[in-house]
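Report on the structure given below.
What follows is calculated from the coordinates using simple rules that are stated; it is not laboratory data. Keep in mind that what you see is a predicted model, and the values were worked out from it rather than measured. Here the Cβ positions follow ideal geometry from the backbone for every residue, glycine too, while neighbour counts run over all protein chains shown.
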Amino acid sequence: MRLSDVRRLIEERELLALRVGERRVVAVPAGFLDDEGVIPALRGTFTVLADGGMDDTEIVRWLHTPDGTLPVPGTPLDAIRAGFKTEVRRRAMEEAF
């Protein structure tokens, strides 16, 4: 994927990026991508969480925080990757309100 494509995806909020490290470089979590590119279900999930008041750092943290009550073991991101986007978004809405 070209850098210009990544920048466009970040601008369109199909991807989130955070500044990390000592030099504050822009980084996209690897789990947001698969062999096909960006995981399509993420954009709507980002929107639900942002509408609930979370900033990008909080959204990334929430997606990577283990939750033993999900239909699959692991994090909300793992559940999205396993096809449970509706369940994750339902929980995101509950979290926000």
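Could you grab me the full set of residues in segment 29-66 that are closer than 13 Å to E14 by Cβ, out of contact with any helix residue (DSSP H, G or I) (no Cβ under 7 Å at 6 or more places or on another chain) and small (G, A, S)?
G37
Taking segment 40-62 on its own, how many of its residues are in contact with a Leu (Cβ under 7 Å, 6 or more places away or on another chain) and either surrounded by 12 or more Cβ atoms within 10 Å (Cβ to Cβ) or under 19 Å from T86 (Cβ atoms) (or both)?
The qualifying residues number 5.
Considering only residues that are within 14 Å of A17 (Cα to Cα) and touching a strand residue (DSSP E or B) at 6+ places or on another chain (Cβ under 9 Å), which ones fall in segment 27-71?
Residues satisfying the conditions are A27, V28, P29, F32, D56, T57, V60.
Quick check on segment 63-77. Is at least one of its residues without any contact (Cβ under 8 Å) to a residue 24 or more places away in the chain, polar (S, T, N, Q), surrounded by 18 or more Cβ atoms within 10 Å (Cβ to Cβ) and farther than 19 Å from L3 by Cβ?
Yes, because at least one residue in segment 63-77 is without any contact (Cβ under 8 Å) to a residue 24 or more places away in the chain, polar (S, T, N, Q), surrounded by 18 or more Cβ atoms within 10 Å (Cβ to Cβ) and farther than 19 Å from L3 by Cβ.
Give segment 72-97 a look and list any residue that's in contact with a strand residue (DSSP E or B) (Cβ under 9 Å, 6 or more places away or on another chain) and among the aromatic types (F, W, Y), or say none. Walk me through how you get there before you give the answer.
At the first step, the residues of segment 72-97 found to be in contact with a strand residue (DSSP E or B) (Cβ under 9 Å, 6 or more places away or on another chain) are 81.
Matches in segment 72-97: none.
If I filter segment 2-12 for residues that are at negative phi and not in a helix (DSSP H, G or I), do I get at least one hit? Even if it seems obvious, please write down each step before you answer.
Step one: filter segment 2-12 for residues at negative phi, giving 2-12.
This time we only want the ones that are not in a helix (DSSP H, G or I), so: 2, 12.
Looking for residues that are at negative phi and not in a helix (DSSP H, G or I), one finds at least one in segment 2-12, hence yes.
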